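As structure tokens, the structure follows; a few thoughts come after it.
Derivation of every value follows stated rules applied to the coordinates shown; laboratory data play no part. As the structure is a computational prediction, the values presented were derived from the model and not from experiment. Glycine also receives a Cβ, built like all others from the backbone with ideal geometry; neighbour counts cover every protein chain displayed.
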Amino acid sequence: MLTIDNLSLTIGPDLQILREVSLAVAAGEAVGLVGESGSGKSMTLRSILHIEPEGSRVTGTITFDGVDVRGLTGEALRQMRANDVSMIAQNPHAVLNPVLPVERYLIEGMHDAQGQPTKTAKLRAGELLEQVGIDAVDRVLRSYPHQLSGGMLQRVVIAGAIAGKPRLMLADEPTTALDVTTQAEVMAILDECRHELGMAMLFVTHDLDLAAAVCDRIAVMKEGEIVEIGLPEQLRDNPQHPYTRALMESRPAGLTWTPEGGPTS
Amino acid sequence: MKQFAERMGTLGLIACGIIAVVVLGALFAPLIAPYDPTIGSVTQRYQGMSFEHLFGTDQAGRDIFSRLLWGARSSLTGPLIVVAITAVFGTLIALTAVWWGGIVDSFLSRVLDLLFAFPNLLLAMLAIAVFGPSLTTAALALSVAYIPYSARVVRSMAMRERNLPYIRSPELQGIPGIVITARHLLPNVAPLIVTGATINFGFAMIELAALSFLGLGVQPPAADWGLMVSSGQQSLLNGYPAESVLAGLSIVITVAAFGYVGERLGGRAAAGRKA
């Protein structure tokens, strides 16, 4: 469904961020993009939605359902963002307008972006929050972003992201800004929503174990290149690239992830 | 309200009080003014201060206090027109430039630069030469001259906000640019627009007074502060400075009050951003 082919990204005269990245995500498949800071995993994600930094040069092709997304502009690009591809960012507090209540955020996404009538959007906002495991729906809808915890707010963002039933979810370290217990909950909710809707996901993280728990395949990135790509078990039991081996060895011992229960020791 | 008082400080509150007095005086001029501002008797000319004529009379025997009150009307409406037009069009241009960026931004910025190159008063005089002298012409011409000031300030702040995540992420949700601009960008630059308008008000007042002084704005025998400074010149030479001095003082004090309040509001906007 999503095919990235020979994607390279250069900033300025010779700062190469991405080197010929090639990656495919099938419908309904979850692919993890793992690597240390600066390895280019976020930049790969950003290139898909046209939000690479200003002044960067991008070569290679990205196709979504056979459409060249790098060639999209204006209304076609907006349509893709509204209906096909959603993104969840790291820090939910930066994403929501601080002076508007949560309900407005959800309604805006459904009404102004996807063109649903305001009435339907209003009804659906509550349903969506229930779907992401929020009990006090009415209270949360009326709350302003600063009144909610990071975990709660990230659930709201996930609710907004799945509102349009997108076919691809881009998740850029969605749990990094949260504390460990909330991380597990949010991750479990994200995983559940993904399976319910049959969404594909491109999941960026530096946590190899977390990626292994929720992804069907994992690509390991280093200095703008994909050095190894394979099934989680493959990487865990038989890493081919020395960098993957180093990543495996550097994780905290005795901690494994399961999508349902979070970290268990 | 308490917060407002804190931000304003003592001087700021005094300035607000002065503005309130001037505005109320202008609004209720017909009720407060003891005499008709345009009719006087030559036998009553050049009277000193008395209970009958609070600030004395001018060379035509007209009550200066009444003329000051009535004069506040045109002296305030002129700048009001200028500020309203400037704020609306300046913001519109700024936000258009910021949202579309690229060529649109470059083009609009060059047009603004071009307008900047004209001295304000010269532009106003040009318009008056074509359309004839009146307060409306002067105010409209000055509005055009002021648009680049307000547009440039709003543009620079909106440009900063444009790249913040709360503006960027609705874009990724696929929300149309015009909705994001109106609902998220505009409210967050609004404090700056208000501040700019307050400060511009003072500038516009001085320049409109200058135009009236030159006989290009408000026309006699109507009362207007700038006009009064001008018509009082002859009396000044004859040793009766009251008219020119009082009208001049009115302008200076009002402009200073608006300037100070604007500055305080600006500090408030800046402080609000930090929080």
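Tabulated values for the structure
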read-out: Order of A:Asp5, A:Asp14, A:Asp191 under a 10 Å beta carbon neighbour criterion, fewest first; value: A:Asp14, A:Asp5, A:Asp191
read-out: Chain A: antiparallel DSSP beta bridges as a percent of all, rounded to 5; value: 60
read-out: For chain A: rounded, prolate or oblate by the Cα gyration tensor [a/c cutoff 1.5]; value: oblate
read-out: The stretch A:167-233-the stretch A:69-123 distance, computed between alpha-carbon centres (Å); value: 22
read-out: Tensor-based shape of chain B (alpha-carbon gyration tensor, a/c under 1.5 rounded, otherwise prolate or oblate); value: prolate
read-out: Between helix B:102-116 and chain B: long-axis angle, C-alpha atoms, 0 to 90°, nearest 10; value: 20
read-out: For the protein assembly as shown, calculated [θ]222 nm from helices alone, where every DSSP H run of n ≥ 4 adds -39500 (n - 2.57); value: -18000 deg cm²/dmol
read-out: Principal-axis tilt of helix B:64-100 within chain B, Cα atoms, nearest 10 degrees; value: 10
read-out: Most to least packed among A:179-190, A:217-228 [average Cβ atoms within 10 Å]; value: A:217-228, A:179-190
read-out: Candidates B:Ile14, B:Ile178, B:Ile85: whichever shows maximal mean-square fluctuation once chain B is modelled as a Gaussian network with Cα springs under 10 Å; value: B:Ile178
read-out: Of A:Pro166, A:Pro242, A:Pro101, the one that fluctuates the most in a GNM where chain A has Cα springs shorter than 10 Å; value: A:Pro242
read-out: Cα-based helix-to-principal-axis angle, B:135-162 vs chain B, degrees rounded to 10; value: 30
read-out: Relative exposure of B:Trp99, B:Trp225, judged by other C-beta atoms within 10 Å (fewest first); value: B:Trp99, B:Trp225
read-out: Relative contact order (percent, whole number), chain B, Cα cutoff 8 Å, 6+ residue spacing; value: 24
read-out: Neighbouring partner chain Cβ atoms per residue of A:88-100, average, 10 Å criterion; value: 4
read-out: Net charge of neighbours whose Cβ lies under 10 Å from the Cβ of B:Tyr46, counting Lys and Arg as +1 and Asp and Glu as -1; value: -1
read-out: Which of B:Thr86, B:Thr38 has the fewest Cβ neighbours within 10 Å, and the rest in rising order; value: B:Thr38, B:Thr86
read-out: Placed amide H near A:Ile226: partners under 5 Å, 5+ positions off or other chain; value: A:Ser22
read-out: Fraction of antiparallel bridges per DSSP, the protein assembly as shown only, in percent to nearest 5; value: 60
read-out: The stretch B:125-201: relative contact order in percent, alpha carbon pairs under 8 Å with at least 6 residues between; value: 26
read-out: Under 20 Å from A:Lys41, Cα to Cα: lysines that are on another chain or at least 8 residues apart; value: A:Lys222
read-out: Antiparallel %, DSSP beta bridges [both residues in the stretch A:116-265], to 5; value: 60
read-out: Net charge over other residues, Cβ less than 15 angstrom from the Cβ of A:Met152 (K, R count +1; D, E count -1); value: -3
read-out: Proximal charge balance of B:Asp58 [Cβ under 10 Å; K/R count +1, D/E count -1]; value: +1
read-out: Neighbouring partner chain Cβ atoms per residue of A:111-122, average, 10 Å criterion; value: 2
read-out: Most mobile of B:Ser250, B:Ser143, B:Ser156 in a GNM of chain B (Cα contacts under 10 Å); value: B:Ser156
read-out: Cα gyration tensor, the stretch A:119-186 - rounded (a/c under 1.5), prolate or oblate; value: oblate
